[in-house]
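The values are calculated or read from the model by the stated rules, or taken from the named source; none is laboratory data. What you see is a predicted model; the values in this text were computed from it and never measured. Cβ placement follows ideal geometry from the backbone for every residue including glycine, while neighbour counts extend to all protein chains displayed. Calculation scope for accessible area: heavy atoms of the full protein, side chains included, ligands and nucleic acids excluded. Shrake-Rupley method; radii C 1.70, N 1.55, O 1.52, S 1.80 Å.
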Amino acid sequence: MKRTALLVAPLLALAACGSDGSDDAAGGGDRLEVVTSFYPLQYAVQQVGGDRVEATNLTRPGAEPHDLELSPKDVLSVAQADSVVYLADFQPAVDDAVTEADGTAFDVTKAARLDLAATDDGHDHGGESAEEHAGHDHGSQDPHFWLDPQRYADVADAIAGELGRVDPDHAAEYEQNAKDMRTRLDSLDASFREGLKDCQTTDLVTSHAAFGYLADAYGLTQESITGLTPETEPSAQAMKDVVEHIREHDVPTVYAETLVPKDVAETIAKEADAQVMVLDPIEGVTDESSAQDYFGIMEANLTTLEKGQSCS
């Protein structure tokens, strides 16, 4: 990560040498140049900014955002952007680049209301508040706010405020776009509440601790195989604990996910005599995704949950 920081100063010097100072606030064009750190933020900026914003994503399609490393070109894009929309403490390389660039950056953490705790020890406590989880000193806050449509709507509102600050002439347009996005998210939220209101099991066994906010919003209890880092190898004891939990609570489904191997989920499901289904944490979109945008994937997730949790 330190290499990222060391690259910023010389890159900025090169950029200055190549500029005649005539570029406008939108990076030389009519549209704002906004850099985002991973897909849900890129999508929100696109929806709120519309045609007035060019939103680029630092996390490439198919890449795991937790493990993001930045290229010199990425670092330069952060330094030159009209705004950088990111979630602090989620991707250290982005935190470093934002700090070193000393440019315009907008952290969505406050709007996202990250108030659920999750752990990296292979055993999740995804319905607990941060205060209730304080006794577990190995925990940290769950960053996956976008899987709760209401939190995601709040972040969209905050992004509208940021775009309006950078481009005040079109602030009302950004605000209206955010309202339109909230209307769609309210409808999505209502569909989840209706679809998950009567399920035979409320235990949600997932590959990694990405679904705490979704579980909390819709009356489920998340039990993850690994913690916040999806590629962490669970210990033998952690795997045994999950298998025992599945058997004890008669859980019918173990949810694997996109972007990471399904081997561990399949092993645990086989041992516990459960089925495997795929639930998408929407950390990125690839050709293998169930749909090609946030709303389509969330609708597919709902269908999967209705089947996997035996909801009527």
Checklist entry - Only one residue in Pro252, Pro261, Pro281 is within 16 Å of Ala63 (Cα to Cα) and either buried (at least 20 other Cβ atoms within 10 Å of the Cβ) or modelled with pLDDT of 95 or more (or both), so which one is that? => result Pro281
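Just to be sure I understand, how many residues within segment 35-56 are more than 26 Å from Asp169 (Cβ to Cβ) and either open to solvent by 10 Å² or more (accessible area, probe 1.4 Å) or aromatic (Phe, Trp, Tyr) (or both)?
Residues that pass the stated criteria total 2.
Which one of Ala190, Ala171, Ala160, Ala156 is of a type in the set (Gly, Ala, Ser) and within 18 Å of the chain's Cα centre (by Cα)? Show your work before the answer.
Working: Ala190 fails: within 18 Å of the chain's Cα centre (by Cα); Ala171 fails: within 18 Å of the chain's Cα centre (by Cα); Ala160 fails: within 18 Å of the chain's Cα centre (by Cα).
Answer to the check: Ala156.
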Item to check | Close pairs from segment 243-267: first touching a residue at least 12 places away in the same chain (Cβ under 8 Å), partner open to solvent by 30 Å² or more (accessible area, probe 1.4 Å) and part of a helix (DSSP H, G or I), Cβ under 6 Å, at least 6 apart | outcome: Val243/Glu271
Next on the checklist: Which residue is nearest to Pro234 (Cα to Cα), if the candidates are limited to segment 284-296 and must be surrounded by fewer than 19 Cβ atoms within 10 Å (Cβ to Cβ) and in contact with an Asp or Glu (Cβ under 9 Å, 6 or more places away or on another chain)?
Outcome noted: Ser290
Item to check | Candidate set: segment 18-34, residues that are closer than 14 Å to Val84 by Cα and at pLDDT 85 or above; chosen: the one most open to solvent (accessible area, probe 1.4 Å) | outcome: Glu33
Item to check | Residue count, segment 297-312 (criterion: open to solvent by 20 Å² or more (accessible area, probe 1.4 Å) and either under 18 Å from Phe38 (Cβ atoms) or over 18 Å from the mean Cα position of the chain (by Cα) (or both)) | outcome: 7
Checklist entry - Looking at this structure, is Thr221 in contact (Cβ under 8 Å) with a residue 12 or more places away in the chain, closer than 19 Å to Asp142 by Cβ and out of contact with any helix residue (DSSP H, G or I) (no Cβ under 7 Å at 6 or more places or on another chain)? => result no
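State whether the residues of segment 89-102 include one that is of a type in the set (Ser, Thr, Tyr), modelled with pLDDT of 95 or more and either in contact with a helix residue (DSSP H, G or I) (Cβ under 7 Å, 6 or more places away or on another chain) or open to solvent by 10 Å² or more (accessible area, probe 1.4 Å) (or both).
As a first pass, look at segment 89-102 and keep what is of a type in the set (Ser, Thr, Tyr): 99.
Narrowing the set further to residues that are modelled with pLDDT of 95 or more leaves none.
No, the conditions are met nowhere in segment 89-102.
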Checklist outcome for this item: Going through segment 269-278 in order, the residues found to be open to solvent by less than 90 Å² (accessible area, probe 1.4 Å) and over 25 Å from the mean Cα position of the chain (by Cα) are Ala269, Ala272, Ala274, Gln275
Item to check | Residues of segment 235-282 classified as in contact with a His (Cβ under 8 Å, 6 or more places away or on another chain) and in a loop (DSSP other than H, G, I, E, B), total | outcome: 4
Checklist entry - Hey, does segment 295-311 have a residue that's modelled with pLDDT under 95 and either assigned to a loop (DSSP other than H, G, I, E, B) or small (Gly, Ala, Ser) (or both)? => result no
Checklist outcome for this item: Per the filter on segment 181-234, residues hydroxyl-bearing (Ser, Thr, Tyr), assigned to a helix (DSSP H, G or I) and open to solvent by less than 20 Å² (accessible area, probe 1.4 Å) are Tyr213
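Can you find, within segment 235-249, the residue that is farthest from Ala117 (Cα to Cα) among those that are open to solvent by 20 Å² or more (accessible area, probe 1.4 Å) and among the small types (Gly, Ala, Ser)?
Going residue by residue through segment 235-249, those that are open to solvent by 20 Å² or more (accessible area, probe 1.4 Å) are 235-237, 239-241, 244-245, 247-249.
Restricting the remaining residues to those that are among the small types (Gly, Ala, Ser) gives 235-236.
On the way: Ser235: 20, Ala236: 23 Å.
Per the stated criteria, the residue is Ala236.
So that you can scan it fast, the table gives a plain yes or no per residue for (1) open to solvent by less than 50 Å² (accessible area, probe 1.4 Å); (2) farther than 17 Å from Gly49 by Cβ; (3) modelled with pLDDT of 95 or more; (4) in a helix (DSSP H, G or I):
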position: Leu114; (1), (2), (3), (4): yes, yes, yes, no
position: Gly122; (1), (2), (3), (4): yes, yes, no, no
position: Gly135; (1), (2), (3), (4): no, yes, no, no
position: Arg151; (1), (2), (3), (4): yes, yes, yes, yes
position: Ala160; (1), (2), (3), (4): yes, no, yes, yes
Next on the checklist: Residues that are in contact (Cβ under 8 Å) with a residue 24 or more places away in the chain, small (Gly, Ala, Ser) and farther than 19 Å from Ala105 by Cα: does segment 143-160 have at least one?
Outcome noted: yes
